[in-house]
Amino acid sequence: MTINEENYRSSVFAFLNGAIELKQLEGGPIDQKDYADMLIQTEQRCDQFYEQAYRAKSRLFQRLHVEEDLDVNSLHDNLMFVATQMAMAMFESGVRYARSFPEGFGLIPPGTE
């Protein structure tokens, strides 16, 4: 799949939450090794934090002597939603900032300004 600007942020988010593999992010800035390395490191940290949250959720179920709890699930799901919204807003902010200063982000080839 070739990534275009419209679906790029969703694709990056999908990679970071483990839904797709890095090789599915072909084209664009992902071809830059330092950017790919940063995404991989971020994804690994996200995996660690998610694992900790999942274990905490499981311990709460154990303490409550239940297999599921609406309040625990609501806390987890809503915090994931908040994180998603924040991530997308930060991504959009980065895009807007880069567009405001294209010469600083390699968006305008040198000598063509």
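Just so it is clear, none of the values below were taken in a lab; they were calculated from the coordinates. A quick note: this is a predicted structure, and the numbers were derived from the prediction, not measured. For neighbour counting, all protein chains shown are included, and Cβ atoms are generated from backbone atoms with ideal geometry for every residue, glycine included.
Some observations on this one:
- Scanning segment 18-34 for residues that are surrounded by fewer than 10 Cβ atoms within 10 Å (Cβ to Cβ) and not in a helix (DSSP H, G or I) gives a single hit, 21.
- Checking each residue in segment 35-73 for being more than 25 Å from the chain's Cα centre (by Cα), part of a helix (DSSP H, G or I) and of a type in the set (A, V, I, L, M) picks out 60, 64, 70.
- Test set (1) surrounded by 10 or more Cβ atoms within 10 Å (Cβ to Cβ); (2) among the charged types (D, E, K, R); (3) over 20 Å from residue 17 (Cβ atoms) - residue 45 fails condition number: (3)
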